[in-house]
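Please treat every number below as a calculation from the coordinates, not as lab data. Just so it is clear, the model here is predicted, and its values are computed rather than measured. Backbone-built Cβ (ideal geometry, glycine too); neighbour counts: all protein chains shown.
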Amino acid sequence: MANILIILVALLFIGSAVFRALKRKTEAGEEPENGPPEEVEPGPYLLFGVLLPFLGGCAVAYAVWAFFPLFVSAAVLLGGRVLAVGIALASAVDAFAAFRKRDSDAKAVRRKGIAGAVVLLCGLAGVGFISHVRGAPSETPLRLKSPVQGEWRVVAGGKSYLTNYHRGRPSAQNYAVDLVKVGAPDASLGAPVFAPVSGTIQNAVNTRREAGDGAAEGNLVVIQAPDGTEILLGHLMEGSIRVKRGDTVEAGQEIAACGGTGSAVEPHLHVHAERGGQAVPLLLGARGVFAVRGDVVRF
Ligand SMILES: [Zn+2]
């Protein structure tokens, strides 16, 4: 339903651009009422009347494209994508119509130039905000083997409060990542979980049953890497854990199955790393992905 509403808005954008383009065409042959207008050179006209509004439209379209997966539920992603393409198309139609008509009225071109500059500034502000939220962390990240295989959606992750609800709960979890397997609801349930690093098992809890039973992380495994970093994998399935405290594991070894124990609204894998109580940002998998909410990653 929300998708349909957003797609209707996108169609409105395109429709109004086409309407303006057709209106321009019919007006093109008419004489202006107040005598010949102030002439504008083709160069400034192309810049202010055509290029600036078009670039503004493209920047807004890009910001909308990137905004939806970050902040809106995955269910309306299609609507967000169509809206972004709609805005880009509408600004292309507008720019093409302005180029064809070659409006020479200085006042109209100035107005269009100012409107274009405003749209461009808004678009650039949007792009800047998105890239700040998505940007790399300031701390040195830790490269981990992927703890899962297949296609997974990041439902929490990144350096911003806006994309990662773990931040400050406590601060050692500032760079925690929650992963949900793409597919049927509960596709994550039972998916194999692999040790993301070689090390020693420092803690393994295997007996918590349902969501809400015991600590927030539910059933968990904590692996201590040789450099002292601790990596916690949480919400694991009851009885699925194949390791115990004191065992040594190799990176890539299957150690458990994904579940929904602890405080989990749906089955998912929680992973975070800390060193001396400080959160360590993660780069996951062979490609070293810094996972941010909304990303879909193939491991
Ligand atoms: Zn989590």
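Brief remarks on what is shown
- Amide H within-cut-off set for G150, under 5 Å, with H built and near neighbours excluded: F299
- Residue-by-residue Karplus 3J(HN,Hα) for the stretch 65-76, coefficients 6.51, -1.76, 1.60, Hz, glycine and proline x: 4, 7, 5, 4, x, 6, 10, 10, 4, 4, 5, 10
- Considering every alpha-carbon pair of the chain, the percent of pairs per 5 Å bin, from zero through the bin containing the longest distance, is 1, 5, 10, 13, 13, 11, 8, 7, 6, 6, 5, 5, 4, 3, 2, 1, 0, 0, 0.
- Ordered by the count of other Cβ atoms within 10 Å of each Cβ, fewest first, Y175, Y161, Y62, Y45 give Y161, Y62, Y45, Y175.
- Take every Cα pair under 8 Å whose residues are at least 6 apart in sequence, average their separation, divide by the length of the chain, and the relative contact order is 19 percent.
- 0 to 90° range, to nearest 10: angle between helix 106-134 axis and the chain longest Cα axis: 0 degrees
- The stretch 2-134, relative contact order [Cα under 8 Å, separation at least 6], %: 44 percent
- Sorted fewest first by neighbouring Cβ atoms within 10 angstrom, T207, T200 come out as T207, T200.
- Viscosity 1.567 mPa s, temperature 4 °C, Stokes-Einstein D of the stretch 142-298 from Kirkwood C-alpha radius, µm²/s: 86 µm²/s
- 3J(HN,Hα) couplings calculated from phi for the stretch 6-20 with the Karplus curve 6.51 cos²θ - 1.76 cosθ + 1.60 (θ = phi - 60°) are, in sequence order, 5, 5, 4, 4, 4, 5, 4, 4, 5, x, 5, 5, 5, 4, 5 Hz; Gly and Pro show x.
- Whole-Å semi-axes of the stretch 103-210's equivalent ellipsoid (Cα gyration tensor): 46, 17, 13
- Under a 5 Å amide H cut-off, with hydrogens placed 1.01 Å from N, V193 pairs with I255, A256, A257, C258 among residues at least 5 apart or on other chains.
- Percent RCO, i.e. relative contact order, over the stretch 179-299, from Cα pairs under 8 Å lying at least 6 residues apart: 29 percent
- Computed 3J(HN,Hα) for the stretch 272-286, one whole-Hz value per residue from the Karplus formula 6.51 cos²θ - 1.76 cosθ + 1.60 where θ = phi - 60°, is 8, 10, 9, 9, x, x, 9, 5, 10, x, 10, 10, 9, x, 4, glycine and proline marked x.
- Inter-label distance for A115 and V85, nm, one decimal - labels placed 7 Å from Cα along Cα-to-Cβ: 2.6 nm
- Among A74, A256, A84: highest mean-square fluctuation, GNM of the chain, C-alpha pairs under 10 Å: A74
- Residues H268, H132, H166 in ascending order of nearby Cβ atoms (within 10 Å, fewest first): H132, H166, H268.
- Annotation: amide H of A264 within the under-5 Å range of G212, sequence separation 5 or more or interchain, hydrogens built in the peptide plane.
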